[in-house]
Every structure is written in structure tokens, then in C-alpha cells.
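Please read the structure below before turning to the comments.
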Amino acid sequence: MLTTHPIAQFRRNPNFYLLYDGFWFVACAVAMLTFWRTGFTSLIAGPSWWFLPAFPVLLFAFIWAHLIIHNCTHGSLPKAINRTLGEVLGLIVIVRFASWDVVHMRHHKYSDDRVKDPHPNYPSFWTTVFKTIVSVEQQLFQQYYDVWGDTPENHARESRRAKMSYGTNLVLLATWAWVLGPAFFLMVFVPCNLLAGLFVIHFNWSTHNGEAAKSIEDMRPVNLTGWRYQLGNKLFAGIYAHALHHDRPAIFNPARALAVEQATANAQQQTA
Ligand SMILES: [Zn+2]
Ligand SMILES: [Zn+2]
């Protein structure tokens, strides 16, 4: 169970996602009840000058959390820690591991399909942001109907599941607010999480050719070059070599793999 891929459980059990979010709902509720009973006070008191330097550090950490979750969805980390690490980081970035996994596997299967890609890209970045926010939840529903059938009962089931997921978001956020204290939660934790989410959307848009694309027909995975993306590759484990990632998703640092490939091709050319 602790080493299983969430999407495999999703395909085996029609109630998987309801039970999964239900589990985290109860876990957060129990944590808050324990805080209340034990008189636990938040770790961080009122606003402080050090929130300012903490902001970029936490933002960087949250982007890395998404990056590692992404690798966990592809099983790129050792099997013993893959799922556990994905779950812990999924709670920190709020969205939770199973939804990252289900949505991302769908993205690889249907990338740039206008209807089925859970976050299809558009030449305009802000259109992509808006459509991504609307489409991801719809695609979670659609993924369920694709596996379990598009029936009225399943629509009712998914509507119950969505309510559970929203409820889980709320108790999870409330737990973080209690642990961190309202000032740090509102001034650092929430904005850093929103910006890290925006970074992920920008990453998805740019690596599906967002900057060069003139129309939606031009959207496809690309290996980005140029100094900004080279710097991005250094900071974020080669994520901008995204065409190579779509070819071989299990590689942890696709930019490094691409460089090795290009060096080998150059050497072969010279000997030919
Ligand atoms: Zn992609
Ligand atoms: Zn991927």
C-alpha cells in the first residue's frame, strides 16, 4: 500500500479517491482536535522581519516540492520512499499526491490533446493559467468516467468525492494555519504556495512551446534553450528539457540526459 502508485489504486477501486481524501480529512481533524485538547500554541508568533528572507527560501522549497512530487509520480525515486515522500510533500503544497499523480499520468497520455489533456496550453500564458484552474478538476471527473463509466450514479459519486476533496483542502489549510500561526500562514505560506503553483503552470506552458507558439497547433513538448531556461535547468534539475521528459519520463534530470545524448551525437559525427 505504501509503495503503490495512486493511479493503480484509482483504477482498482471505484471509491479510492473518496477514501483517500477522507483519510486525510480525518487525519487533519484528529490533529486539530489534539491541538485543542493539549492547548498547543502555534510555532510562529505574529509578523516578524525574518518573514521577508524566509519568503524566497520557502518559495524555492515549494517549487522543489512540486518537482520531487513530479518525479515520484514517475516512480523515479527509490521504491521504498517514492510514495511516502510524495504524500508528505503533497500535504505541504496542499494539492496532495494522488491528484498530482492521476492528473499527471493523464497529461502524459493525452499531452496537447485539446479535450483530454488535463491542462492543455494556449499561446497566451494567462489564458493557460485560467483554463488550467478550470480544467484540472473537470479532468479529474473525466478520468473517473473514463475508468468507471459515464453514468448518472458515477456523476453523483464524483460530486460527493469533490465535496470531500474541498472539505479536505479546508481542514488541511486550517491545520497548517494552526501549526504555523495566522501571520506566517497568511503572509508567507499561502502566497508562496500560490506562486509555486503559478510557477508550475508557467513551466508547463513554456515547455509545451508557449513562448514560440503562434497558435494552439504549435503546442508540443520542447527542450528549451536560452540563458533563462539554462539557469532554470541548473536550479531545478533539468526540468526544461521537457521533450526528452515526455520521451523518457523516468529520468530524474532530463537536461543532463539531453546533454549526454548531444555530446554522443557530436562525437559520432566527428568520427564519421
Ligand atoms: Zn508535459
Ligand atoms: Zn511528467
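Rule-based calculations on the coordinates, nothing more; no lab input. All values reported here derive from a predicted model rather than from experimental measurement. Virtual Cβ from ideal backbone geometry, glycine too; neighbours counted across all protein chains shown.
Computed from backbone phi with θ = phi - 60° and the Karplus coefficients 6.51, -1.76 and 1.60, the 3J(HN,Hα) list for the range 185-190 is 4, 7, 8, 10, 4, 5 Hz; x is used for glycine and proline. With a Cα cut-off of under 28 Å and a minimum spacing of 8 residues unless on different chains, the lysine pairs in the chain number 11.
Taking the Cα centre of the chain as origin and assigning +1 to Lys and Arg Cβ atoms and -1 to Asp and Glu Cβ atoms, the resulting dipole is close to 400 debye. For the range 208-272, the calculated P(r) over all alpha carbon pairs, in 5 Å bins from 0 to the bin holding the longest distance, is 4, 18, 21, 22, 17, 12, 5, 1, 0 percent. Taking 0.36 nm per residue of sequence separation and removing the Cα-Cα distance, the THR4/TRP126 pair yields an extension gain of 40.4 nm. Each part reduced to its alpha carbon centroid, the range 1-72 and the range 91-134 end up 20 Å apart. Reported value for the range 63-195: 128 Å³ per residue, from the convex hull of its C-alpha atoms. Per the Kirkwood formula applied to alpha carbons, the chain shows a radius of gyration over Rh ratio, Rg over Rh, of 1.00.
Taking the longest Cα principal axis of the chain as reference, the axis of helix 152-180 is set at about 80 degrees.
As an exercise, use a Förster radius of 22 Å and the Cβ-Cβ distance of HIS108 and ASP150 to find the FRET efficiency, rounded to the nearest 0.05.
With R0 = 22 Å, the Cβ-Cβ based efficiency is 0.50.
For the range 251-272 versus the range 224-245, the inter-centroid distance based on Cα atoms is 15 Å.
Coupling constants for the range 108-123 follow from the phi torsions by the Karplus curve (6.51 cos²θ - 1.76 cosθ + 1.60, θ = phi - 60°), and in residue order they are 5, 6, 10, 4, 6, 6, 4, 8, 9, 5, x, 9, x, 9, 10, x Hz; glycine and proline get x.
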